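Enquirer: First, the structure itself, so that you have it in front of you.
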Amino acid sequence: MSERWDAGELDDVVPLLPRVSCPTLVMVGELDFICGPVWNRPIAEGIPGARYVEFDGIGHLPQYEAPERFRTELFTWLEQS
(Lines give C-alpha, C1' and ligand atoms only; values in the text may rest on other atoms or scores of the structure.)
Protein backbone atom coordinates (compact mmCIF):
# COMPACT_ATOMS: atom_id res chain seq x y z
CA MET A 1 0.00 0.00 0.00
CA SER A 2 1.18 3.49 -0.79
CA GLU A 3 2.22 5.76 2.07
CA ARG A 4 0.48 8.68 0.38
CA TRP A 5 -2.90 8.92 -1.28
CA ASP A 6 -2.21 10.32 -4.72
CA ALA A 7 -5.60 11.06 -6.30
CA GLY A 8 -5.12 14.82 -5.98
CA GLU A 9 -8.20 15.80 -3.99
CA LEU A 10 -6.36 15.69 -0.67
CA ASP A 11 -3.79 18.13 -1.97
CA ASP A 12 -6.63 20.56 -2.66
CA VAL A 13 -7.58 20.78 1.03
CA VAL A 14 -4.21 20.43 2.75
CA PRO A 15 -3.32 24.15 2.46
CA LEU A 16 -6.62 25.01 4.18
CA LEU A 17 -6.21 22.68 7.15
CA PRO A 18 -4.13 25.04 9.33
CA ARG A 19 -7.13 27.39 9.29
CA VAL A 20 -9.32 24.90 11.18
CA SER A 21 -9.60 26.32 14.68
CA CYS A 22 -12.11 24.02 16.36
CA PRO A 23 -11.23 20.89 18.32
CA THR A 24 -10.87 18.02 15.85
CA LEU A 25 -10.89 14.27 16.27
CA VAL A 26 -9.96 12.07 13.31
CA MET A 27 -10.73 8.37 13.77
CA VAL A 28 -9.94 5.82 11.08
CA GLY A 29 -9.73 2.07 10.63
CA GLU A 30 -6.29 0.74 9.75
CA LEU A 31 -7.78 -1.47 7.01
CA ASP A 32 -10.17 1.10 5.56
CA PHE A 33 -9.60 0.92 1.81
CA ILE A 34 -12.03 3.76 1.05
CA CYS A 35 -10.55 6.60 3.11
CA GLY A 36 -8.06 5.02 5.45
CA PRO A 37 -4.92 6.16 7.24
CA VAL A 38 -3.14 7.20 4.06
CA TRP A 39 -5.89 9.77 3.51
CA ASN A 40 -6.77 10.70 7.10
CA ARG A 41 -3.33 10.93 8.70
CA PRO A 42 -2.31 14.00 6.61
CA ILE A 43 -5.63 15.64 7.44
CA ALA A 44 -5.07 15.17 11.17
CA GLU A 45 -1.45 16.33 10.86
CA GLY A 46 -2.56 19.47 9.04
CA ILE A 47 -5.11 20.61 11.64
CA PRO A 48 -3.51 22.30 14.65
CA GLY A 49 -4.10 20.27 17.81
CA ALA A 50 -6.11 17.54 16.07
CA ARG A 51 -6.18 14.13 17.68
CA TYR A 52 -5.65 11.12 15.41
CA VAL A 53 -6.89 7.67 16.40
CA GLU A 54 -6.22 4.61 14.25
CA PHE A 55 -8.09 1.37 14.96
CA ASP A 56 -5.80 -1.63 14.36
CA GLY A 57 -7.35 -4.40 12.29
CA ILE A 58 -10.52 -2.41 11.63
CA GLY A 59 -12.00 -1.37 8.27
CA HIS A 60 -14.25 1.46 7.12
CA LEU A 61 -16.75 1.45 10.01
CA PRO A 62 -14.97 1.49 13.38
CA GLN A 63 -18.18 2.63 15.08
CA TYR A 64 -19.70 -0.75 14.16
CA GLU A 65 -16.59 -2.95 14.07
CA ALA A 66 -15.21 -1.76 17.43
CA PRO A 67 -18.11 0.11 19.07
CA GLU A 68 -16.80 0.04 22.63
CA ARG A 69 -13.39 1.43 21.71
CA PHE A 70 -15.00 3.96 19.37
CA ARG A 71 -17.25 5.23 22.18
CA THR A 72 -14.35 5.31 24.63
CA GLU A 73 -12.16 7.31 22.25
CA LEU A 74 -15.00 9.70 21.39
CA PHE A 75 -16.15 10.34 24.95
CA THR A 76 -12.60 10.69 26.27
CA TRP A 77 -11.86 13.23 23.55
CA LEU A 78 -15.11 15.12 24.28
CA GLU A 79 -14.27 15.31 27.99
CA GLN A 80 -10.81 16.67 27.20
CA SER A 81 -11.98 19.21 24.61
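The values are calculated or read from the model by the stated rules, or taken from the named source; none is laboratory data. These numbers come from a predicted model, not from an experiment. Cβ sites come from the backbone with ideal geometry, for glycine too, and all protein chains shown count toward neighbours.
Enquirer: For residue 21, which of the numbered conditions (1) modelled with pLDDT of 95 or more; (2) surrounded by fewer than 17 Cβ atoms within 10 Å (Cβ to Cβ); (3) part of a helix (DSSP H, G or I) fails to hold?
Expert: Answer for residue 21: the failing condition is (3).
Enquirer: Here are 49, 8: which of them is surrounded by fewer than 14 Cβ atoms within 10 Å (Cβ to Cβ), at pLDDT below 95 and either closer than 18 Å to residue 78 by Cβ or not hydrophobic (A, V, I, L, M, F, W, C) (or both)?
Expert: 8
Enquirer: Something else: Which condition number in (1) surrounded by 14 or more Cβ atoms within 10 Å (Cβ to Cβ); (2) of a type in the set (D, E, K, R); (3) under 11 Å from the mean Cα position of the chain (by Cα) is the one that residue 65 fails?
Expert: For residue 65, the exception is condition (3).
Enquirer: Give the residue, chosen from 77, 39, that is at pLDDT below 95, surrounded by 14 or more Cβ atoms within 10 Å (Cβ to Cβ) and either part of a loop (DSSP other than H, G, I, E, B) or hydrophobic (A, V, I, L, M, F, W, C) (or both).
Expert: Only one candidate passes the filter, namely 39.
Enquirer: Which of the residues belonging to region 24-36 are out of contact with any Asp or Glu (no Cβ under 7 Å at 6 or more places or on another chain) and either in a helix (DSSP H, G or I) or of a type in the set (D, E, K, R) (or both)?
Expert: 32 - this is the single residue of region 24-36 that is out of contact with any Asp or Glu (no Cβ under 7 Å at 6 or more places or on another chain) and either in a helix (DSSP H, G or I) or of a type in the set (D, E, K, R) (or both).
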